[in-house]
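The values are calculated or read from the model by the stated rules, or taken from the named source; none is laboratory data. The model shown is predicted, which means the values in this text are computed figures rather than measured ones. FYI the Cβ positions are ideal-geometry reconstructions off the backbone, even for glycines, and counts take in every protein chain you see. Calculation scope for accessible area: heavy atoms of the full protein, side chains included, ligands and nucleic acids excluded. Shrake-Rupley method; radii C 1.70, N 1.55, O 1.52, S 1.80 Å.
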Amino acid sequence: MRMLIKKSNGTLLDALKAENIYINVPCNGRGTCGKCKVKILDSAPPATMAEKNLISFEELEAGFRLACYIPSDMTYDVEIDEKLISDKDFSIVSFYEHFDDNTTLNSMDGYGVGIDIGTTTIALELFDLRDGKLLKTHTLLNSQRAYGSDVISRIDHANKGGLEELNEKIISDLKTGLKVLLNDEEIIKATLAGNTTMLHLLMKADCSGLGVYPFTANFLDMKVGDLAELLDIPGQYTLLAGISTYVGADILSGIMHTNMHKNKSICILIDIGTNGEMAIGNQDSIITLATAAGPAFEGGNISCGLGSIKGAICQVNPDKTIKTIGDQEPLGICGSGLIDAIAIALANEDLDDTGFIENDEEIISITDHIFLTQKDIREFQLAKSAIRAGIEVLMIKYGIEAKNVDKVYLAGGFGKFINLENALTIGLLPKAFNGKIYRVGNTSLGGVRKFLLYNDIEKEVDYIKSIAKDLNLAHDPLFNELFMEHMLFEQ
Ligand code: FES
C-alpha cells in the first residue's frame, strides 16, 4: 500500500494513526520491536542507530526506516506492507473447556452477555438466561493494539494523556461486538472480565499507579452498574473482581471456571502471554503471581516474528516441514513455531544449552527467508525464563514439588497451539508436568459464563478473593536466581 503522509507534529507512526492506519506494533513506538518498518520512496532521512540495529543494510539502502523514529516534518511518500495493518488476518481463538460442578442455574427471562476483554482480543457470548443456552459468540480484535501489544504500553499511553483515547477504543469495540451479537434480544445483564489494566481503561480509571512500584490499582473490587451508562444499552453490568494489579479479574474468573477453589487436588493455572499470569492451589489456599515475559511469544522483538496472523509459521516439524496459520505462504514465525524451531535446533545441536548458535551460518534457518538470529534466541530465552521462573517460585512458595502437582491448566490461545512435548523439552514447563497438562482455552470467558448463569456465584468470587494471596516478584531474589538458572535450555 502506497500513500502520501502529510507533514504533522509527531512521528510518521503518529501520522499514520491520525489517518486511521494502525500498524501492529508490540513496542508502541519505543524503537525496540522493528515492526513499524516502512519504505520511504522519496528521500529517506539518515538511519538512526536503532534503525541500523533493527533493519538490514540492504533494506536501509532501499529506504526502509522505522515509522516510530521518523519525525513527520515533511510530506513523505511511503509504502507500507499491508500484512502489518491487516486486522482481518488475525487468527482469533476463543474456546474453553467445560468443567462440571454442582452449581445450579439461576434461570430468568431474558438474555445475558458474557465478555472477556483481552489485551489482544475481545470475546463475547450471548446466552438465553432461561436455560443457559449459548446462542451466539463473536470475537474481535482489541483496537487498542495500535498503542502497543502489552499492558505496559497501554498504561504508558494512558498516563501520557491517552486515557480518553484508549477508553473510546474499547467502548467502540464493545459496541461493535454487541451489534454483531444481538438482533432484537433484550439484554438483562452483562458480565465482564479482563486484566486489571483493561478494566481500568474500560472505566476510564486513573492508571498512574499501575505502571510504577508498588503497582497499585485504582480499583480491584467487583463493580455493578447501569449498561446504559457504559454501552448505551439497557441492562446491568458486573465487572468481576481482580486479585492484584497484575493478576486481574481474568485470572480470578479462570480460577472460578476451573473450580480450583473447590477441589482438594492441587492445580496450577498458567496463562502465557506478554504478561505470564499464574495461580496454584486448591480449596484451602491459592497463590498467584504475574511475570513479565515480554512480547517474544507474540513475535515481538524477533526479527522474523509475527503475531498469530495468517501466514505465521505456527508449527515446525523435525523434518523441517512447517505449518502456517491459514495454510498460507510463510510470512514470519509466531510463538508456537518459535518453541518448535528452538526445540529442533537443540535436538540437532545447532544450538547449545546456553542458547549459543553453533552452526557456521550463525542463524537458525526455518525457510529460505525466515530465520532466527542469536539476538532472537536471547529474546526467547528471556521470555521462557520469566515464565518458568514464575512457575518455580509459585511451587516453592506453595511448598510443593512439580511431581506432586495434580493438574496443570494451560489457558489462552497460545496454550492451545503449543507443542507440549517441545515446551517440556526446552524447559518452558517442568518435565514433571508431563501427562498432567490440560489445554483449557479462554478460562476467563468460561468464568464469566458461570457468573452470568449460576446461583450464589458472588460468594465464590468472595471466597476466591479471601483465600488468594498474590506474590509481587519485583526485587524478589528467589525469582532473580531462578530466572538466571532457567535462561539455560534443558535437554
Ligand atoms: S513501533 Fe517502531 S520499533 Fe516498535
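Computed values, structure above
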{"item": "Residue within the range 479-488 that is touching a strand residue (DSSP E or B) at 6+ places or on another chain (Cβ under 6 Å) and in a helix (DSSP H, G or I) present", "result": "no"}
{"item": "Selection count, the range 223-253, where residues are crowded, with 23+ Cβ neighbours inside 10 Å and among the hydroxyl-bearing types (Ser, Thr, Tyr)", "result": "3"}
{"item": "Filter pass, Lys310 being among the basic types (Lys, Arg) and touching a helix residue (DSSP H, G or I) at 6+ places or on another chain (Cβ under 6 Å)", "result": "yes"}
{"item": "Boolean, Leu394 is open to solvent by less than 50 Å² (accessible area, probe 1.4 Å) and either under 25 Å from Thr324 (Cβ atoms) or in contact with a Cys (Cβ under 9 Å, 6 or more places away or on another chain) (or both)", "result": "no"}
{"item": "Unmet requirement for Asp101, which otherwise passes all of (1) more than 19 Å from Leu252 (Cβ to Cβ); (2) part of a loop (DSSP other than H, G, I, E, B)", "result": "(1)"}
{"item": "Qualifying residue in the range 38-54 (condition: among the polar types (S, T, N, Q) and at positive phi)", "result": "no"}
{"item": "The range 40-84 - residue that is under 32 Å from the mean Cα position of the chain (by Cα) and β-branched (Val, Ile, Thr) and, of those, farthest from Lys6 (Cα to Cα)", "result": "Ile55"}
{"item": "Condition met for Asp406 (in contact with a Lys or Arg (Cβ under 9 Å, 6 or more places away or on another chain) and open to solvent by 70 Å² or more (accessible area, probe 1.4 Å))", "result": "yes"}
{"item": "Top-ranked residue in the range 281-292 [being surrounded by fewer than 24 Cβ atoms within 10 Å (Cβ to Cβ) and hydrophobic (A, V, I, L, M, F, W, C); ranked as farthest from Asn480 (Cα to Cα)]", "result": "Ile287"}
{"item": "Sole residue being of a type outside the set (S, T, N, Q), surrounded by fewer than 21 Cβ atoms within 10 Å (Cβ to Cβ) and touching a strand residue (DSSP E or B) at 6+ places or on another chain (Cβ under 7 Å), chosen from Leu124, Leu141, Leu163", "result": "Leu141"}
{"item": "Any hit, the range 464-478, residues being under 27 Å from Asp109 (Cα atoms), out of contact with any helix residue (DSSP H, G or I) (no Cβ under 6 Å at 6 or more places or on another chain) and outside any helix (DSSP H, G or I)", "result": "no"}
{"item": "Positions within the range 254-278 being crowded, with 24+ Cβ neighbours inside 10 Å and in contact with a Lys or Arg (Cβ under 8 Å, 6 or more places away or on another chain), in sequence order", "result": "Met256, His257, Ile268"}
{"item": "Residue check, Ile152 farther than 18 Å from Ile115 by Cβ, touching a residue at least 40 places away in the same chain (Cβ under 8 Å) and touching a Gly at 6+ places or on another chain (Cβ under 9 Å)", "result": "yes"}
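Matching residues to (1) touching a strand residue (DSSP E or B) at 6+ places or on another chain (Cβ under 6 Å); (2) open to solvent by 40 Å² or more (accessible area, probe 1.4 Å):
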position	(1), (2)
Gly294	no, no
Asp319	no, yes
Lys323	yes, yes
Leu331	no, yes
Ala345	yes, no
Asp352	no, no
Thr367	no, no
